[in-house]
1. What percent do you get for the relative contact order of the chain when only Cα pairs under 8 Å and 6+ apart count?
2. Evaluate the relative contact order of segment 129-291 (contact order divided by residue number), counting alpha-carbon pairs under 8 angstrom at least 6 apart; express in whole percent.
3. Going 7 Å from the Cα of D320 along its beta-carbon direction, which residues of segment 633-653 have the amide nitrogen within less than 15 Å of the resulting point?
4. Would you mind telling me the antiparallel percentage of the DSSP bridges in the chain, rounded to 5?
5. Enumerate the whole-percent occupancy of each 5 Å bin, from 0 to the last occupied one, for all C-alpha pair distances of segment 129-291.
6. Taking Kirkwood radius over Cα pairs in Å straight from the coordinates, which label in [x] 29.2; [y] 26.6; [z] 27.6 is the correct one?
7. In whole Å, what are the extents of segment 2-113 along the principal axes defined by its C-alpha atoms, from largest to smallest?
8. Which of the residue pairs K595/K631; K595/K628; K404/K653 have a Cα-Cα distance greater than 19 Å in the structure shown?
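Every read-out reported here was derived from the displayed coordinates using simple, explicitly stated rules and does not represent laboratory data. Here the structure is a predicted model, which is why all the values come from computation and not from measurement. Neighbour counts are summed over all protein chains in view; Cβ atoms, including those assigned to glycine, are modelled from backbone coordinates with ideal geometry.
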Amino acid sequence: ALVARDPGAKEAGFGNIMQRLDAAPFRDRRVTLRASVRVAPGSRAQLWMRVDRAGGVTGFFDNMGDRPVVGSSWAEYRIEGNVHSDAESIFLGMLLPGDGRAWLDDVSIESVALTVRPAAPPHAFAGRGLDNVVAFSRLLGYVRYFHPSDQAAQADWDTFAIEGVSAVEDADSPAALARILEERFRSVAPTVRVFTGTAPPAPPELARSPAARRVVMWKHRGVGLRAGNIYASERLAPEIAGGKLPDGVANPAETLVVDLGAAVRAAVPLALWSDGTGTLPRGEAPRPAPLSVSAADRATRLAAVAIAWNVFQHFYPYFDVVQADWPASLRAALASAAQDTESSFDGTLRRLVADLHDGHGRVNSGSGGARGVLPVAWDWIEGELVVTEVGTGETGLRRGDVIKTIDDKPVAEALAAEESLVSGATPQWRRYRALNELLLGPAGDATLSVAADGAVRDVRLRRITGTPVVERRPDKIAEVRPGIFYVDPARLSDQEFMAALAQLGKAKGLVFEMRGYPRLSPVFIQHIIETPVQSAQWLVPVVTRPDRHDVTWDAGGRWNLLPLAPRLAAPVVFITDGRAISYAESCMGIVEFYKLGEIVGAPTAGTNGNVNPLALPGGYTVTWTGMKVLKHDGSRHHGVGIQPTIPVTRTIKGAREGRDEMLERAIAALQR
């Protein structure tokens with residue numbers, strides 16, 4: 001099959017080929033979608049698969065957004081996910097974002113039966129239960145990511161975690177907990193010792209034997225959670241030359257002793273001997289049957305928290321600049337997860353991720369049933385929730401109306417509740433995300449209390465499915481004043497921009513719209529600059545020891561942009577605000593450092609760097625920032641962002657009049 005999209009299309013869009021399958025034959029099975037794909041040069045494609053459950057709930061979903069197909073040669077790609085027992089439909093296909101062409105062939109579906117785990121009901125921890133599960137969680141991370149045995153590298157860690165939290169919870173003493181932990185981990189880490197009091201002697205297998213030819217240890221570049229992105233984890237196995245350990249390699253006999261809490265400690269080897277064919281002592285990892293689990297099961301929720309917490313504990317690059325009591329976050333999330341239902345657990349994960357203060361931090365799940373969006377756009381202006389645009393045909397609201405309550409809940413209270421669940425490095429990003437969340441809700445009507453013209457009235461709006469309402473802006477390329485052109489990279493393809501270069505080259509001034517996420521490549525910067533420029537510093541953590549000790553940084557991968565002809569020589573102004581994040585900030589960081597033009601508006605979101613999606617048991621995916629970004633001069637970007645050179649604050653009067661006050665100020669800056 002060929003999927004193509006006309007590069008001359010006027011609006012941004014995508015191509016898609018899809019098929020629906022009845023989910024009944026696949027219930028409680030793990031499904032693998034395989035296909036061969038290639039794309040035309042400059043194009044990209046994404047296989048996708050979605051499972052729809054009863055009641056409008058989305059189950060498994062993967063669209064390869066973090067690992068798109070970009071190769072022009074045929075290659076096989078796959079998506080694998082579990083189908084719930086209440087699944088109704090499976091949708092699958094191939095997506096072509098933007099312009100270009102992609103070819104699809106040899107599509108196949110395979111499935112294997114899952115062992116259905118009965119859902120244990122929610123209940124609070126009792127006695128030592130929480131301390132015991134915290135100790136298990138801590139050891140889980142040390143062994144999973146830093147103990148280099150073959151057994152640990154081959155383990156099914158989701159199943160191990162689900163079964164492990166249940167096994168340790170009822171231990172009635174530190175000695176009992178130590179015994180259970182050592183027994184549980186023996187199958188994946190036979191040389192790990194768990195103890196109370198004085199550490200026991202090291203296992204004899206940690207002493208070098210005549211069979212030892214290599215030494216094995218983990219090296220994480222970020223952390224490899226999913227194939228196809230820039231992050232990777234590998235076990236190094238250098239040869240032992242002349243009886244000496246290679247430089248930078250840990251000695252297996254020198255174990256790391258860690259405090260797990262609950263009066264229990266563990267001795268964890270960070271390196272192991274190998275005879276050249278496997279780590280010592282030899283053994284096979286347990287191979288349990290694949291589990292069918294959901295967040296309705298208490299142990300699955302606890303395991304999801306433990307797995308997520310450890311990824312961030314050992315690999316999140318911004319704990320040095322954010323205010324977080326991360327050990328306390330583990331205890332709070334476990335305590336909440338123990339008592340959650342499937343629907344409420346989403347909030348527990350969101351609060352845990354919010355503690356990271358990471359603008360990329362999001363929890364994605366299908367829980368909550370069908371949702372809709374109110375047909376209105378709004379913003380927080382002068383301390384009020386103000387309508388800035390209304391959907392076509394809506395007569396109950398006008399621009400400039402002030403919303404006082406939503407379904408009888410004061411908007412300030414509702415906004416604060418949403419912000420508590422948003423992960424963000426800056427107040428402006430948390431506010432932007434929370435305002436969007438306030439628009440969402442169960443399908444049906446919402447009642448708004450609205451103040452306007454000195455009176456308060458109630459307005460009923462129906463939440464709709466489809467495209468949210470957005471504020472009006474000029475066309476993606478528009479002459480907004482004689483000789484002054486507006487350019488919106490969020491709505492432009494590279495082909496459209498290149499086609500407009502002759503027109504833009506005659507401009508007296510250019511306004512680039514950066515209040516959002518650009519679709520356009522950095523080519524627009526290359527047509528502005530006179531000399532080569534670099535992006536900000538992108539630093540991938542290189543981790544070999546737990547708890548972020550002795551981290552080094554890989555500084556490769558920065559953009560090196562060369563000028564392109566024709567150069568757009570007219571004065572340039574950039575509009576931005578708290579909606580600009582990630583790639584938008586990569587562009588604006590260049591503008592800021594090299595002073596390419598005035599920056600009009602408000603500070604950006606203050607979060608940059610490639611995301612690293614994390615899949616959790618129960619059908620959740622968490623996105624987070626896997627690298628550190630510093631400004632060109634080495635100063636902090638996270639939580640700071642790009643600052644405007646010409647700050648502009650919106651007014652209720654301007655919203656009522658339908659004016660874009662930031663665009664007006666940008667035009668004025670060019671007319672000076």
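1. RCO, the chain: 12 percent.
2. On the way: 280 pairs, mean separation 52.1, N = 163.
Relative contact order here is 32 percent.
3. 633-639
4. Numbers: 112 of 128 bridges.
Here the antiparallel bridges make up roughly 90 percent for the chain.
5. All Cα pairs considered, the percentages come to 1, 9, 18, 20, 19, 16, 10, 5, 2, 0.
6. Among [x] 29.2; [y] 26.6; [z] 27.6, the one calculated here is [z].
7. 44, 29, 21
8. In this structure, K595/K628 exceed 19 Å between Cα atoms.
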